[in-house]
């Protein structure tokens, strides 16, 4: 029976009061549509309470409106876990903002002498109802988690039933006490609404977003200058508050997005077996490559001659890379007689490694700055950035038993000769004495 | 004796005017510091942005140290490991590359606008000099960091640069001719770019340069704090805003947006996607140099002239420019802001044109390569 009064009787009384009294008050006492600002009586506490209160309550009311006004859209949205999390977090954050500001507003009503002079009983009653409303809402949100997800489905039909004039309290009668209290006190609040300063909410002040901020102050010519300074200070304070709010929100978002990624950087990598073996084999291969290079270096320190290739392997158009005694790259070609041409591959311009392909004019190309070198003379072609010729290297040909057959020094002086039939089998070396 | 004392006192006076440490108080730095509002006010944000990018470099750089291995056999593999296997490793690495480029861009804009606004004028000479030092250190960061991934383009580009140092020897007289190749060997550490070079560049990049940078930036910021923002324009600005909280909040606001942009860029677009892949294979000492070896874009302003003009012209020009930067406060002591901004525009135009159209200009001068 009491439930029927709270959830069916009271709502209609409240709605009637809201509509009728608001209209009458607007019609006959239009100038009483005001929030009765007390800013000029006391503004230090107010600054810390009014702004957070309005921010918080607007967010919360918007949330309620969306959830109960567009239940279809809303239920799709809250099925996204991230969205639900954000909505709940924002809701609780806003409720805490409201709670703190209401407490401040109440305290200032009680401790400031000037304020007490203008405070009516209704002012205090409104604050208390609001406080009760915020507390029950917060308690419901915390005790019965994920209200954003369940409330529209569970309570939406009740609210619709009221407005469709087919009131049905069965949707709420088994609700937990916090929720029932929250709903009942909402109706009480709506009932009181038109009698109090809350009516200022009906004058939706959209133009506040575009006009410059106003401040209610005592007017006297003496204090004009002081107020100008104060206004500038207040502007900065406002900017600071807004920015601090923005910074707080962005830091929160950043921590979610950026720190999450940064943190994961230090976690152990979970690799599949295939990945792990790929990495390991690549590593081994590189180590082997370095080991090979070191070996080449050691070989060049200790040996008088170093094997380059079988003479038969050399091509006339595609050079074979090898490393000379100074650990610099060089190329081996063969000439028309089947004898080797050994030429440095380190460009005389800026030290890039020259390409191995011979072009139609018998030249190799350094790709860095487009220098062409004739491999027979070593000379760069005119107009190349390189001005000095690529030096030739001396070489020696030996048979399989290691007997010297023929040699040529870097200047092209030859000793010995080679039987063309044997040439294919002979081995090409570079010698320490030539370097 | 008396004369010497005068000299000494003169020097003390010089220093106290440039570094008025007695101004170092909470009131001066926090309560009274103001930023002039005029049409060049945006330039006041450039230094802060450079600082933001440096902070990003510092943080991501330390992160990379956790996985990077500075040896010729492991460097490339460890960078690939970071990119492909470490969680959000690609992000850290992309942030580091993107933010390095952004840092240099901001630094250049900062320097050019400071020049145009005559922010180097007495008593801010030391701020300008420390800033010039920071510029050179930052380029050194770019140069040494480029080698560390040990891929084809990195090693070959480094080779080319070091070789051009040696080249300078041909233009020096007598005993000095050997000096450049001596310097090159000190930098390189062995006959060609190898493990010794990598170790040196690594030490420079992660320890030595950061230390110098910290010192220089300490001096630079101290200068800014002691003297406040330079007025920047000839007519005293009608409006000023307080540094704290107004300007600093705007600064942070900009930082937030810029960070977001760089973060998203790094999530979506590896810096390397502007090059062809073979350049990013592990360096192969035995193969030919691949085509398309180039320094980073912020070296184009010396790279392309170097390709087009005779070597000695560039060397001379660079030496004069580098030395000249440090003497700007005295060279342009009596130059008006109007003339300074014309010079700044010319420099900016040169940098923009050569960086964007360098390749085109090169081809016009040299033919398309054949």
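The values are calculated or read from the model by the stated rules, or taken from the named source; none is laboratory data. Only a predicted model underlies this, so the values are computations on that prediction, with no experimental measurement involved. Neighbour counts run over all protein chains shown; Cβ positions are idealised from the backbone, glycine included.
Would you confirm whether any residue within region A:330-343 is more than 12 Å from chain B (Cβ to nearest Cβ) and under 54 Å from the mean Cα position of the chain (by Cα)? Working first, answer last.
Taking region A:330-343 as the starting set, the residues that turn out to be more than 12 Å from chain B (Cβ to nearest Cβ) are A:332-343.
Adding the requirement that they be under 54 Å from the mean Cα position of the chain (by Cα) leaves A:332, A:343.
Looking for residues that are more than 12 Å from chain B (Cβ to nearest Cβ) and under 54 Å from the mean Cα position of the chain (by Cα), one finds at least one in region A:330-343, hence yes.
Only one of A:274, A:201, A:252 is closer than 19 Å to residue B:259 by Cβ and assigned to a helix (DSSP H, G or I). Can you tell me which? Before you say what the answer is, go through the steps one by one.
Working: A:274 fails: closer than 19 Å to residue B:259 by Cβ; A:201 fails: closer than 19 Å to residue B:259 by Cβ.
Checking each option against the conditions leaves just A:252.
Can you tell me which residue in region A:406-425 is nearest to the chain's Cα centre (by Cα), limited to those that are more than 22 Å from residue A:376 (Cα to Cα) and surrounded by 11 or more Cβ atoms within 10 Å (Cβ to Cβ)?
Filtering first and then ranking leaves A:425.
Which one of the conditions (1) in contact with a strand residue (DSSP E or B) (Cβ under 8 Å, 6 or more places away or on another chain); (2) in a loop (DSSP other than H, G, I, E, B); (3) closer than 30 Å to residue B:190 by Cα does residue A:327 fail to meet, given that it meets all the rest?
(1)
Output the residues belonging to region A:101-124 that are out of contact with any helix residue (DSSP H, G or I) (no Cβ under 7 Å at 6 or more places or on another chain), assigned to a helix (DSSP H, G or I) and in contact (Cβ under 8 Å) with a residue 24 or more places away in the chain.
A:103, A:107, A:114, A:118, listed by residue number.
All but one of (1) in contact (Cβ under 8 Å) with a residue 24 or more places away in the chain; (2) surrounded by 12 or more Cβ atoms within 10 Å (Cβ to Cβ) hold for residue A:203, so report the exception by its number.
All conditions pass for residue A:203, except number (2).
Only one of (1) touching a residue at least 60 places away in the same chain (Cβ under 8 Å); (2) within 10 Å of chain B (Cβ to nearest Cβ) is not met by residue A:285, so which one is it?
(1)
Look at region A:285-305 and say how many of its residues are surrounded by 13 or more Cβ atoms within 10 Å (Cβ to Cβ) and in contact with a helix residue (DSSP H, G or I) (Cβ under 6 Å, 6 or more places away or on another chain).
Adding up the residues that qualify gives 1.
For residues that are in contact (Cβ under 8 Å) with a residue 40 or more places away in the chain and within 12 Å of chain A (Cβ to nearest Cβ), tally how many sit in region B:46-59.
Residues of region B:46-59 that are in contact (Cβ under 8 Å) with a residue 40 or more places away in the chain, as a first pass: B:46-54, B:56-58.
In the following step, the residues that additionally are within 12 Å of chain A (Cβ to nearest Cβ) were identified as B:56.
Going through region B:46-59 one residue at a time, the tally reaches 1.
Which one of these is under 30 Å from residue B:124 (Cα atoms) and out of contact with any strand residue (DSSP E or B) (no Cβ under 8 Å at 6 or more places or on another chain): B:292, B:317?
Working: B:292 fails: under 30 Å from residue B:124 (Cα atoms).
From the options B:292, B:317, the qualifying one is B:317.
For residues in region B:81-96 being more than 16 Å from residue B:205 (Cβ to Cβ) and more than 7 Å from every other protein chain (Cβ to nearest Cβ), which is surrounded by the fewest Cβ atoms within 10 Å (Cβ to Cβ)?
Step by step, filter region B:81-96, then rank; the result is B:84.
Would you mind telling me which numbered condition in (1) buried (at least 16 other Cβ atoms within 10 Å of the Cβ); (2) under 25 Å from residue A:145 (Cβ atoms); (3) in contact (Cβ under 8 Å) with a residue 60 or more places away in the chain residue A:41 fails?
(2)
Out of curiosity, is residue B:292 within 14 Å of chain A (Cβ to nearest Cβ), under 23 Å from residue B:105 (Cβ atoms) and surrounded by 14 or more Cβ atoms within 10 Å (Cβ to Cβ)?
On the way: within 14 Å of chain A (Cβ to nearest Cβ): yes; under 23 Å from residue B:105 (Cβ atoms): yes; surrounded by 14 or more Cβ atoms within 10 Å (Cβ to Cβ): yes.
Against the criterion (within 14 Å of chain A (Cβ to nearest Cβ), under 23 Å from residue B:105 (Cβ atoms) and surrounded by 14 or more Cβ atoms within 10 Å (Cβ to Cβ)), residue B:292 qualifies.
Just for region B:295-329: of the residues that are surrounded by fewer than 14 Cβ atoms within 10 Å (Cβ to Cβ) and in contact (Cβ under 8 Å) with a residue 24 or more places away in the chain, which one is nearest to the other protein chains (Cβ to nearest Cβ)?
Once the filter is applied, the top-ranked residue is B:312.
Out of everything in region A:380-401 that is surrounded by fewer than 19 Cβ atoms within 10 Å (Cβ to Cβ) and more than 21 Å from residue A:323 (Cα to Cα), what residue ends up being nearest to the chain's Cα centre (by Cα)?
Checking each candidate, the answer is A:385.
Restricted to region B:60-80, and to residues that are in a loop (DSSP other than H, G, I, E, B) and touching a residue at least 60 places away in the same chain (Cβ under 8 Å), which residue is nearest to the other protein chains (Cβ to nearest Cβ)? Steps first, answer last, please.
Keep residues of region B:60-80 that are in a loop (DSSP other than H, G, I, E, B), which gives B:66-74.
Those still in the list that are touching a residue at least 60 places away in the same chain (Cβ under 8 Å) too: B:68, B:70-72.
Working: B:68: 13, B:70: 13, B:71: 8, B:72: 6 Å.
Ranking the candidates gives B:72 first.
Yes or no: residue B:350 assigned to a helix (DSSP H, G or I), more than 24 Å from residue B:162 (Cα to Cα) and either touching a strand residue (DSSP E or B) at 6+ places or on another chain (Cβ under 6 Å) or more than 12 Å from chain A (Cβ to nearest Cβ) (or both)? Before the answer, list the steps.
Numbers: assigned to a helix (DSSP H, G or I): yes; more than 24 Å from residue B:162 (Cα to Cα): yes; either touching a strand residue (DSSP E or B) at 6+ places or on another chain (Cβ under 6 Å) or more than 12 Å from chain A (Cβ to nearest Cβ) (or both): yes.
Answer is yes for this residue.
Output the residues belonging to region B:152-194 that are touching a helix residue (DSSP H, G or I) at 6+ places or on another chain (Cβ under 6 Å), surrounded by fewer than 15 Cβ atoms within 10 Å (Cβ to Cβ) and not in a helix (DSSP H, G or I).
Of everything in region B:152-194, just one residue is touching a helix residue (DSSP H, G or I) at 6+ places or on another chain (Cβ under 6 Å), surrounded by fewer than 15 Cβ atoms within 10 Å (Cβ to Cβ) and not in a helix (DSSP H, G or I), namely B:190.
Residue A:268 - would you say it is more than 7 Å from chain B (Cβ to nearest Cβ), without any contact (Cβ under 8 Å) to a residue 40 or more places away in the chain and in a loop (DSSP other than H, G, I, E, B)? It would help to see each step written out before you state the result.
Working: more than 7 Å from chain B (Cβ to nearest Cβ): yes; without any contact (Cβ under 8 Å) to a residue 40 or more places away in the chain: yes; in a loop (DSSP other than H, G, I, E, B): yes.
Against the criterion (more than 7 Å from chain B (Cβ to nearest Cβ), without any contact (Cβ under 8 Å) to a residue 40 or more places away in the chain and in a loop (DSSP other than H, G, I, E, B)), residue A:268 qualifies.
Scan (1) under 22 Å from residue A:308 (Cα atoms); (2) more than 9 Å from every other protein chain (Cβ to nearest Cβ); (3) modelled with pLDDT under 90 for the single condition residue A:371 breaks and write down its number.
Here residue A:371 meets the rest and fails (1).
When you go through B:231, B:290 one by one, which is the residue that is assigned to a loop (DSSP other than H, G, I, E, B) and over 25 Å from residue B:93 (Cβ atoms)? Reasoning before the result, please.
Numbers: B:290 fails: over 25 Å from residue B:93 (Cβ atoms).
Answer to the selection: B:231.
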